Structures are given as C-alpha cells and as structure tokens.
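The structure appears below as structure tokens.
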Number of protein chains: 2
Amino acid sequence: MAENMIKDYEFDKFENPYSNFKRSELGDKLAKFERLVNNLDIPVLIIIDGWESSGKGFVLNDLIRELDPRLHKVSVFENPTEEERERPFLWRFWKKTPAKGNIAVFDRSFYFNLMNDLNIDGDELKQAIADISSIEKELYEDGAIIVKFFLHQKEKTQKSRIDELRKDKHRSFLVTDEDEAQYKDYDKHLAHFDKILKLSNFDYSPWNIISTEDMKSASKKILGSTLDAIQDGIDRYIGMQNGGMRYIRQYIPEKRPLSNVDLSLSLSNEQYVSELKSLQEEAGKLAYALYTHRIPTVIVFEGMDASGKGGAIKRLTRLMDPRGYEVIPIAAPDKTEKSHHYLWRFFNSVPKRGNMTIFDRSWYGRVMVERIEGFAKISEWDRAYDEINNMEKHLHNFGTLLLKFFIYIDKNEQLERFEGREHKSDKIYKITDEDWRNREKWDEYIEAMNEVLVRTSTEYAPWTIIEGKDKKYARIKVLKQFIESAKEAIANANKSL
Amino acid sequence: MAENMIKDYEFDKFENPYSNFKRSELGDKLAKFERLVNNLDIPVLIIIDGWESSGKGFVLNDLIRELDPRLHKVSVFENPTEEERERPFLWRFWKKTPAKGNIAVFDRSFYFNLMNDLNIDGDELKQAIADISSIEKELYEDGAIIVKFFLHQKEKTQKSRIDELRKDKHRSFLVTDEDEAQYKDYDKHLAHFDKILKLSNFDYSPWNIISTEDMKSASKKILGSTLDAIQDGIDRYIGMQNGGMRYIRQYIPEKRPLSNVDLSLSLSNEQYVSELKSLQEEAGKLAYALYTHRIPTVIVFEGMDASGKGGAIKRLTRLMDPRGYEVIPIAAPDKTEKSHHYLWRFFNSVPKRGNMTIFDRSWYGRVMVERIEGFAKISEWDRAYDEINNMEKHLHNFGTLLLKFFIYIDKNEQLERFEGREHKSDKIYKITDEDWRNREKWDEYIEAMNEVLVRTSTEYAPWTIIEGKDKKYARIKVLKQFIESAKEAIANANKSL
C-alpha cells in the first residue's frame with residue numbers, strides 16, 4: 001500500500017521553501033514562464049481540487065494574478081449540466097483541455113464526482129480511476145505539463161470557515177450541500193480523499209498536497225510548485241524535441257487479417273433488391289428503438305479509398321430518421337484541431353444518449369495516414385493503439401453501441417474504380433491527386449491496416465471486415481451487422497431495466 | 001397589409017406542378033444538386049415549420065432520402081435547454097448554420113417560440129422578427145440558399161391526426177402540450193400563424209406554404225420547391241462570383257474621430273499608483289456583482305498594433321475572479337471558421353448570463369484588416385457595419401453589458417514601441433513581420449478605423465476612444481469606464497427587479 005497522502009498529515013511540519021519570496025515575485029516569474037510555454041507550444045493543465053471551503057478561489061486568484069489573460073483559461077467544474085450528463089464522463093473535460101501554448105486551470109475537475117461520492121468502490125471506482133489516468137497520461141505523453149493540487153485543512157479550520165460563510169449574508173448562498181456533508185463528518189471524508197489521492201498519484205501527474213491553514217503561504221507554495229513543474233516540463237519537452245530515447249517498437253506482426261478476405265463473396269441483383277428494402281426498414285426501426293432506449297451509437301467506417309464507404313453509409317441510413325443521426329466526414333485536422341491532442345476533436349463530437357454518430361474515417365487516421373505520411377512520430381502512433389482502445393472502452397462503459405466497419409478491396413479493384421470515376425461526370429469530384437498518391441503506398445497501408453485490425457479489435461469494440469469487391473454484398477453485410485448489434489444492445493438494455 | 005398567407009387558404013386549389021414526377025426522381029435530382037452546391041461551396045439552409053402533427057417528420061425523411069448523409073445535417077429545435085436559455089436567442093441557431101457546401105435542415109427553427117407564443121406583440125414581436133430577419137438576410141447576402149416551408153392542414157385533419165397519435169400506445173408520448181393547445185383552438189392559432197408568416201415573408205427568404213392534406217403530394221412539392229430554390233440560388237451565386245452589379249458605396253466620411261484625440265493626456269507615476277489598486281478592487285467587486293445579477297458582459301478591445309490592448313486587459317482583469325471571465329484573442333480565421341459566415345465564430349463564443357468575455361480584437365476585423373487586405377469584397381465589408389450593429393443590438397436586447405474600447409496611438413509612438421520591443425528579450429515575440437507590413441498601410445487603417453467609429457457607435461454599444469500614448473492614462477481610463485458602465489447596468493437591473 002502506498003503511503004498516506006493526507007491522513008496523519010502533519011500540518012505543523014508543512015514546509016514551504018518559497019516562503020522567503022514575495023508572492024508577486026513568484027507571480028512575475030510565472031508570467032515569464034507563461035510566455036515561454038506559449039512560444040514553445042506546450043500545453044499546461046493545472047488542477048486545483050481539495051476540501052470545500054479550503055480557499056480554492058483565493059489561491060486561484062493569486063495564481064493567475066500576473067498572467068496574461070489571453071494565454072490561459074479557467075474552467076469551473078461543478079455538478080454536470082443536463083447536456084453534460086447526456087455524454088460520456090470525460091466529454092466535458094476533454095473539451096476544455098488546453099491548446100498547445102495555452103494554460104488551462106481547472107477549478108475542480110474529473111475528480112469532482114469521485115471525491116464527493118463516499119460510497120464509490122469496486123469496479124466503478126476502478127473504472128473512474130482508469131478513465132482519469134487515461135486522460136492525464138495521454139495529455140502528458142503528448143507533451144502537456146500537468147500540475148495537480150489538493151488543498152488540505154484541519155477539521156477545526158474547515159468548521160470555522162464554513163461557519164463564517166454561513167454568517168455572511170451576502171455569501172451564505174455559497175454554502176453547498178458538500179460543505180454540509182464535510183462539516184458533519186470530516187474523518188470519513190479524510191479517509192475517502194486519502195484513498196482517491198493515493199489511487200491517482202500517478203508518476204506522470206503526482207499530487208501536490210497544500211496546507212491552506214495559512215492562505216498566503218499556500219499561495220506561494222502553489223506558485224512555486226507550478227514554476228518547478230513547468231521548468232521540469234520544459235526540460236522534458238526539449239528532450240522530446242531532440243528525439244529523446246531511441247524508440248523501439250514491440251509489435252511483431254503475426255496475424256494479417258486482410259490476407260484472408262474472400263473478395264469473391266457477392267450477391268446477385270435479385271438477391272440484393274429483394275433483401276435491401278426490408279433490411280433498411282428494420283435498421284430504421286432499430287435506430288428508433290435505440291433512440292427510445294437512450295442508447296448512444298457510434299459507427300466507424302474505415303477502408304481503402306474508393307472502397308465504398310459513402311455508398312454503404314447511404315444505404316445504412318436510408319430509412320433512419322435523419323433527426324437522430326449525424327454523419328461526420330473526417331479530413332485532415334484544421335489549425336484549431338491541430339493545436340489540440342488528436343483525440344480532442346473526436347471526443348468533442350461523441351453523440352448524446354439516443355443519438356447516432358457515423359464517422360466516415362475517424363481517429364484511426366492516427367495509425368494509418370499519420371503513420372505512413374510521417375505526420376506522427378513512431379512513438380506517437382505506436383502508443384495510439386492503447387489510447388484508442390481506452391477511448392473506445394470509455395464510450396462502451398457509458399453504454400455506447402460501438403460498431404467498426406473496415407471495407408476491403410484489392411489493388412486492382414481500386415484501380416478500376418478510380419478509372420471508372422474519372423469517366424463519370426457526377427463522380428469525378430471524388431478522385432483527387434492524393435488518392436493516386438496514397439495508392440503508391442498500397443503495401444504500407446495494408447501493413448498499417450492489418451496492425452489496426454489486430455491491435456484494436458477488442459471485446460467491447462470488435463472490427464467487422466467487409467468484403468468490398470461486390471458493393472451489393474458489402475452494403476447488405478453492413479446492414480445485417482448493424483441490425484444484429486442493435487438488437488443485442490436493446491436486449492441488454494431491456495434486461496437491465 | 002400583405003396578402004393572407006394561410007387564412008382562407010384554399011386547400012382544394014393546392015397546385016402541385018411536380019405531381020407527375022416520381023418522388024424518387026425528384027430525390028435523385030436533389031442528390032445531384034447536393035453534390036453541385038458542395039462543389040460550388042454554397043451553404044443551404046432548409047427550414048421546415050408548421051402545425052403540430054402536420055407531418056414534418058414524414059416530409060423531412062422524404063426530403064433527405066436520396067442525399068449523401070455526409071453533406072447535410074438535420075437539427076431539431078425544441079424548447080431551449082438550460083444551457084441555451086443562458087445565451088442570447090440566436091446563439092443556438094447560429095451555431096448550426098451550414099458550412100459552405102453543406103446543407104442544414106432545421107426541423108423547427110427560430111420561429112418555434114414565436115409560433116407558440118400566441119400573446120407575443122408590440123416591441124417584443126417586432127424585435128423577434130428583426131432578429132430573425134437579420135440572421136436570414138445575413139446568410140442570404142453571404143451567398144446562402146434559404147428555403148422555408150410551412151406545413152399547413154385543415155382543422156379536421158389535424159384533429160384526426162392528433163386523435164390517432166393519442167390512440168397509438170407506442171407513440172402517444174409524442175403528443176405535446178402544443179398539440180393540445182392547437183387542438184383546442186385551431187382558429188386562434190391560424191390567425192397567429194398567418195400574422196407571423198406575413199411578417200417574416202422576406203424577399204430574400206419567402207415562405208412556401210405546403211398543404212399536407214395528402215402527405216405524398218406534399219413531399220413532392222417540397223422536393224420540387226427545394227430544387228427550384230437551389231437552382232435560383234446557384235444562378236445568383238454565379239452572378240455574385242462574376243462580380244454582380246457594380247457596387248457603389250454610399251458612405252461619405254464627414255467625421256474623423258481619430259483626428260481629435262488628445263494624445264498629451266497622461267498621468268504621473270504617483271497618480272497612477274495611487275489610483276490603480278483601488279480601481280482594480282472596485283472592478284473586481286463589480287465583476288462579481290454582474291455575476292450575481294446574472295448580467296452577461298462583452299468587452300471589445302480594438303486599436304493599432306502595439307497600442308497596449310494586452311496591457312489594458314491585464315490591468316482591467318487583475319482583481320477579477322478568473323472563473324468569471326475569459327479573454328479571447330482573435331487571429332485570422334482557421335479553415336472551419338472560414339467555411340462559415342464571419343459572425344459565426346463570434347456568436348459561438350458569447351458569454352452566458354453572469355459571465356464576461358473579453359475580445360482582444362473582434363468582429364471588427366471584417367471592416368479593418370479584411371477590408372484593407374482585400375479578404376472581403378467591398379460589398380461584403382460595406383454591409384458588415386449593419387450586420388455588426390444588428391449583432392450588438394441582439395446582445396444588448398438580451399441584457400448584455402457591451403463595452404467597446406478603441407485604443408489610439410500615433411505613428412511615431414508605434415514606431416518607438418516596435419523598436420523598443422525588439423530590444424526587450426521578453427517582448428520580442430510580440431513583433432511580427434505582419435506588424436511592420438500593417439504599418440505601411442497606416443493611412444488606410446486610419447480611414448477604416450474612423451469609419452468604424454462613426455458607423456458602429458450606437459446608443460446601445462458606443463465606442464470609447466482611449467488616448468493610448470501614455471499607457472498609465474489609458475489603463476486608468478479603461479478601468480473607470482468599465483466601473484461606470486457596470487454600475488449603471490447593475491442599477492438598471494435592480495430597478496427592473
């Protein structure tokens with residue numbers, strides 16, 4: 001068991017190496033660091049959590065006093081709103097993660113629910129910690145500097161602070177239910193916080209415990225610790241820029257799922273026509289049932305250029321109510337998207353309960369086009385498989401129905417389709433120079449795609465390979481798979497009612 | 001008085017020139033048009049409104065059946081959510097306006113509240129119509145194709161449709177309060193809808209009244225009318241691309257506010273130091289009072305490069321609680337932002353009630369840098385003054401405290417500051433080649449800035465010119481103006497309690 005974090009904390013031995021500095025000196029220095037991280041394009045995330053009425057507002061104000069307000073953003077996280085409850089837990093936090101070169105300060109954070117729920121335990125606790133560790137780790141590995149503070153105070157200090165607040169007629173409305181709960185039972189909360197802090201005291205994002213018995217001293221400690229953390233982060237960043245350690249991949253390709261795809265599978269026109277309509281009707285009804293069951297659905301389409309993703313999506317959605325789904329075509333990230341972690345834009349567009357989002361290409365670009373074109377470094381795309389699995393697990397745990405289709409065609413078929421399109425006036429817009437360039441790297445793409453299919457086929461988010469040479473066969477298979485999975489999801493939902 | 005729109009509507013004379021087409025033929029044609037507008041980068045907005053239970057879902061499904069789901073997005077507007085009620089009325093609609101080349105379909109829209117509120121009248125009605133006309137007109141003038149449908153039905157048809165819904169145990173939950181209200185009093189609603197339709201039957205976005213007595217016929221009419229509207233819109237677009245009519249500006253510069261700025265105004269160090277702290281404390285308290293009064297605040301900073309905007313913002317916010325404000329530095333739009341109307345990104349970031357957003361540069365870029373660098377055509381930036389006034393009026397009507405500061409320095413002062421910055425290691429990052437280039441166009445900028453100050457100084461959003469040569473004087477003046485305006489806003493809010 002790890003050491004205690006705040007249990008048996010010796011307030012009187014609280015050491016503050018920054019006590020000889022003036023607060024404003026530390027603040028001015030932080031302002032310089034803010035400009036530096038801005039120039040170096042390093043994102044910084046500062047989390048301030050702690051007891052109720054422990055002075056978060058005070059230290060927060062002191063922390064940012066000298067900073068340039070254009071370069072940082074403070075976000076307050078309280079109980080999730082209506083809209084936030086409709087989305088997976090991490091959604092609202094991912095949205096507010098800092099852009100490169102900016103500082104995000106979180107007043108409370110993803111620890112909010114965890115700290116407030118004294119009864120959380122077992123799998124639920126494990127999952128919450130795993131979710132939090134994933135977002136912190138992924139930001140850290142992307143170069144972010146993460147600084148976490150927990151504000152700690154003695155029982156009698158907290159009681160007197162809450163009493164004071166209650167007496168102040170202008171501010172008594174600020175006393176929350178949480179204040180009341182902690183006031184009533186300090187020890188129980190102390191034990192709970194200690195447990196949570198231990199579980200989330202990660203190497204890449206350790207906690208700084210700050211005594212706020214003396215607010216001014218606490219402010220200095222927070223400023224000083226932030227300076228130290230940023231200094232370390234800049235060193236790490238420069239190391240990363242210089243290549244860091246030589247990166248050695250562990251992956252040994254054994255299975256190659258795309259070697260065994262039976263492209264001869266096909267349907268006659270008669271079979272296709274006779275099945276299509278009724279499958280579409282069923283898909284439409286199931287989409288509605290997913291809506292009434294408030295099950296969010298995410299469908300990913302990947303595959304070669306010209307493999308028929310668009311056509312398959314069109315057939316799948318044809319009899320679905322358009323008010324319930326959205327198709328998002330994913331192209332290269334724009335400037336804003338590039339200034340964030342690559343998962344940021346995808347987290348931003350996850351569907352709310354009952355809705356469906358279909359991604360025409362997706363986060364798998366990280367381990368396909370970005371890998372092959374060198375937009376991501378080896379270490380970056382090699383760790384992306386885990387990051388992607390984490391994200392998909394997070395969606396799954398929220399109750400999302402997650403379907404991933406990989407449509408496969410061979411090189412000859414692609415050539416025929418490219419040439420065919422160039423002769424069809426209404427399809428010529430679909431062929432770009434980039435498509436021809438990608439084609440030259442066919443073998444590299446096959447290699448990358450095989451790895452995707454092996455490393456990201458999980459129990460909660462398996463891939464379905466679609467034999468794409470016969471478009472009719474492909475479209476029917478997509479429809480059938482959707483129908484099967486949707487039925488299963490609805491049956492599971494009914495069971496748990 | 002304009003002609004009746006739906007009062008005395010002769011259902012039996014409902015003409016449908018598209019009745020001889022198959023629905024799927026019209027749908028296929030629309031799919032071709034969808035690709036065409038996508039290639040031409042034209043945004044399309046289709047609004048479907050009408051009586052409750054008039055078949056909006058049915059025609060909507062028929063409308064998009066053949067379309068490529070990657071190129072359009074359906075948005076449903078019902079009663080605003082918690083988050084939406086915290087923002088000005090148009091916020092949620094602007095967010096969903098189509099990007100260039102995309103089709104947005106609104107199931108209900110900004111007409112929702114208006115149609116449902118039988119008692120709306122007088123100034124409130126006038127303002128709502130003005131708001132709606134502004135968004136439709138601005139999108140239209142930006143090249144968007146706007147198609148509006150109102151679904152109409154006979155009283156007995158509506159009654160039987162609602163009765164049917166009530167009887168269906170799987171769908172009876174879909175009967176809304178509005179259904180009940182319209183069921184009870186058809187005539188009153190008929191008169192009200194007729195009035196609203198008349199008032200919003202704009203030349204640039206007229207209503208199409210569609211009888212849904214026969215649903216299939218209605219679907220064809222909607223598809224056909226959409227095709228016609230898109231055809232017309234493409235013609236108009238091509239005309240606009242070819243330059244359209246020669247554009248003649250009406251503006252005659254008479255006043256030149258920047259000619260009379262007294263740059264000798266200054267403060268001694270002693271005066272500055274003695275005033276600054278207490279003004280900042282007062283500003284901090286007032287920001288908190290704005291928060292408790294739930295007054296949203298928007299502050300715009302414009303001015304020459306190196307005029308001291310950043311420094312003034314920093315002094316203004318120094319003792320404000322950072323959880324209540326956000327500073328947004330505005331740079332050139334990124335790809336996503338460029339694919340929308342230029343006001344889109346600003347509407348997206350208006351503050352919610354009680355919060356403050358400070359724009360370091362703003363929508364005024366349209367009539368300054370975009371004007372001078374030729375990023376906007378003359379007709380585009382010349383109409384932007386009205387568009388900006390409309391937007392600011394909209395914010396004002398929502399109760400927003402709106403402050404606009406223009407910090408002025410002369411050409412020599414700017415040169416000194418540029419040179420000074422190049423010798424200060426911690427400020428050199430602030431000078432770019434672009435700053436030097438802008439400087440070469442000094443006179444053009446002065447001309448444009450004068451026009452801004454004349455044409456967008458309104459009663460509800462006046463400019464405050466800040467004499468910027470002495471930074472101390474400038475910062476104190478900004479603080480004092482904020483304090484004065486905030487006090488006034490709070491006093492007004494207290495009065496209306």
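The values are calculated or read from the model by the stated rules, or taken from the named source; none is laboratory data. Just so it is clear, the model here is predicted, and its values are computed rather than measured. Cβ sites come from the backbone with ideal geometry, for glycine too, and all protein chains shown count toward neighbours. Only protein heavy atoms, including side chains, enter the accessible area calculation; ligands, DNA and RNA are left aside. Shrake-Rupley method; radii C 1.70, N 1.55, O 1.52, S 1.80 Å.
Calculated over segment A:368-436, the projected area of the Cα convex hull averaged across directions stands at 6.9 nm².
With the alpha-carbon atoms of chain A aligned to their principal axes, the span from lowest to highest coordinate is 82, 54, 42 Å, starting with the largest.
For the protein assembly as shown, the Kirkwood hydrodynamic radius from C-alpha pairs, put into Stokes-Einstein at 37 °C and a viscosity of 0.692 mPa s, yields a diffusion coefficient of 104 µm² per second.
Annotation: extensible slack from A:Asn348 through A:Glu213 equals 44.7 nm (criterion: 0.36 nm per residue apart, minus Cα-Cα distance). Take each peptide in A:368-380, B:412-424, count the other Cβ atoms within 10 Å of every residue, and average; sorted highest first, the result is A:368-380, B:412-424.
Here the relative contact order of chain B, from alpha carbon pairs under 8 Å that lie six or more residues apart, stands at 18 percent. Averaging the Cα positions of each part gives two centres, and for segment A:167-209 and segment A:288-325 these lie 44 Å apart.
Averaged across B:118-125, how many Cβ atoms of other chains sit within 10 Å of each residue's Cβ atom? Walk me through the numbers before you get to the answer.
Numbers: counts 0, 0, 0, 0, 0, 0, 0, 0.
Across the residues of B:118-125, the mean count of other-chain Cβ atoms within 10 Å is 0.
For the peptide B:322-332, the mean number of other protein chain Cβ atoms found within 10 angstrom of a residue's Cβ is 5. Between A:Asp163 and B:Ser172, the simple label model (points 7 Å from Cα in the Cβ direction) yields a spacing of 5.9 nm. Which of B:Gly27, B:Thr458, B:Leu265 sits closest to the plus end of the dipole of chain B, meaning its Cα is farthest towards the positive end, when Lys and Arg get +1 and Asp and Glu get -1 on the C-beta? So the residue furthest toward the plus end is B:Leu265. Here the peptides B:229-238, B:258-267 are ranked by packing, the mean other Cβ count within 10 Å, and the order with the highest first is B:229-238, B:258-267.
For chain B, a simple Cβ point-charge model (Lys and Arg +1, Asp and Glu -1, everything else neutral) yields a dipole of about 960 debye relative to the Cα centre.
Model label points for B:Arg246 and B:Phe21, set 7 angstrom from Cα along the Cα-to-Cβ axis, are 4.0 nm apart. Between helix A:23-40 and chain A there is an angle of about 20 degrees, using the helix long axis and the longest principal axis of the Cα atoms.
Note on B:Ser24: accessible area approximately 40 square angstrom, rounded to 10, probe 1.4 Å, nucleic acids and ligands left out.
Taking only protein heavy atoms and a 1.4 Å probe, the accessible area of segment B:11-241 is 47% carbon and sulfur. Spacing of the modelled spin labels on A:Leu415 and B:Asn201, each 7 Å from Cα toward Cβ, amounts to 6.2 nm.
Sorted shortest first, the distances from the B:Ser19 label point to those of the same residue in the other copies are 9.3 nm; each point sits 7 Å from Cα along Cα-to-Cβ. Buried between B and A is an accessible area of approximately 4200 Å², summed over both sides with a 1.4 Å probe.
Straight-distance candidates among the aspartates and glutamates for linking to B:Lys477, with alpha-carbon spacing under 13 Å and chain neighbours fewer than 8 residues away dropped: B:Glu275, B:Glu467. When only Cα pairs below 8 angstrom with a gap of at least 6 residues are kept, segment A:20-112 shows a relative contact order of 46 percent.
Put simply, the amide H of A:Val147, placed in the peptide plane, has neighbours under 5 Å in A:Leu45, A:Ile46, A:Ile47, leaving out anything fewer than 5 places away on its chain. Think of each Lys and Arg Cβ as +1 and each Asp and Glu Cβ as -1; about the Cα centre, that makes the dipole of segment A:11-241 roughly 760 debye.
With only the Cα atoms considered, segment B:434-497 has a convex hull volume of 111 Å³ per residue.
When both segment A:341-370 and segment B:39-69 are represented by their alpha-carbon centers, they are found 25 Å apart. Once the Cβ-Cβ distance of B:Asp228 and B:Lys377 is raised to the sixth power relative to R0 = 22 Å, the FRET efficiency obtained is 0.20.
Sorted shortest first, the separations between the B:Ala289 label point and its copies elsewhere in the assembly read 6.1 nm; each point sits 7 Å from Cα along the Cα-to-Cβ line. Pull out a ≥ b ≥ c, the square roots of the eigenvalues of the alpha-carbon gyration tensor of segment B:108-160, then state rounded if a/c is under 1.5, prolate if not and a/b is larger than b/c, and oblate in the remaining case. Oblate, because a/c is 1.5 or more while a/b does not exceed b/c. Remark: segment A:257-495 carries a charge dipole of roughly 960 debye about the Cα centre, counting +1 on each Lys and Arg Cβ and -1 on each Asp and Glu Cβ.
Helix A:442-455 axis versus longest C-alpha principal axis of chain A: approximately 60°, rounded to the nearest ten. Burial of accessible area (probe 1.4 Å, heavy atoms of protein chains only) in segment B:351-379, relative to its chain alone, reaches 40 Å² or more for no residue.
Between B:Thr157, B:Thr176, B:Ser133, the Cα set farthest toward the positive side of the dipole of segment B:130-178 (charges on each charged residue's Cβ, about the Cα centre) is that of B:Thr157. List the residues of segment A:402-426 for which accessible area in the full set of protein chains is at least 10 Å² lower than for the chain on its own; 1.4 Å probe, protein heavy atoms only. So the qualifying set is A:Asp426.
Using a cut-off of 13 Å between beta-carbons, work out the net charge of the residues near B:Asp194 (Lys and Arg +1, Asp and Glu -1, B:Asp194 not included).
So the environment of B:Asp194 carries a net charge of +1.
List, in the order given, every pair from A:Lys159/A:Lys184; A:Lys95/B:Lys309; A:Lys471/B:Lys32; B:Lys198/B:Lys220 whose Cα-Cα distance in the structure shown is over 18 Å. All intermediate terms of the calculation are to be shown ahead of the outcome.
Numbers: A:Lys159/A:Lys184 9 Å; A:Lys95/B:Lys309 28 Å; A:Lys471/B:Lys32 21 Å; B:Lys198/B:Lys220 24 Å.
A:Lys95/B:Lys309; A:Lys471/B:Lys32; B:Lys198/B:Lys220, as the Cα separations exceed 18 Å there.
Here the accessible area is traced with a 1.4 Å probe on the protein chains. For segment B:339-387, carbon and sulfur cover 48 percent of it. Each other copy holds its own label point for B:Thr458; taking that point as 7 Å from Cα along Cα to Cβ, the gaps run 5.1 nm, nearest first.
Mind checking the mean number of beta-carbon atoms from other chains within 10 Å of the Cβ atoms in A:57-66? Please list the in-between numbers first.
On the way: counts 3, 0, 0, 3, 7, 0, 1, 5, 5, 2.
Across A:57-66, the average partner-chain Cβ count within 10 Å equals 3.
If you count only protein heavy atoms with a 1.4 Å probe, what accessible area per residue comes out for segment A:11-241, rounded to a whole Å²?
Details: 9680 Å² over 231 residues.
Accessible area per residue: 42 Å².
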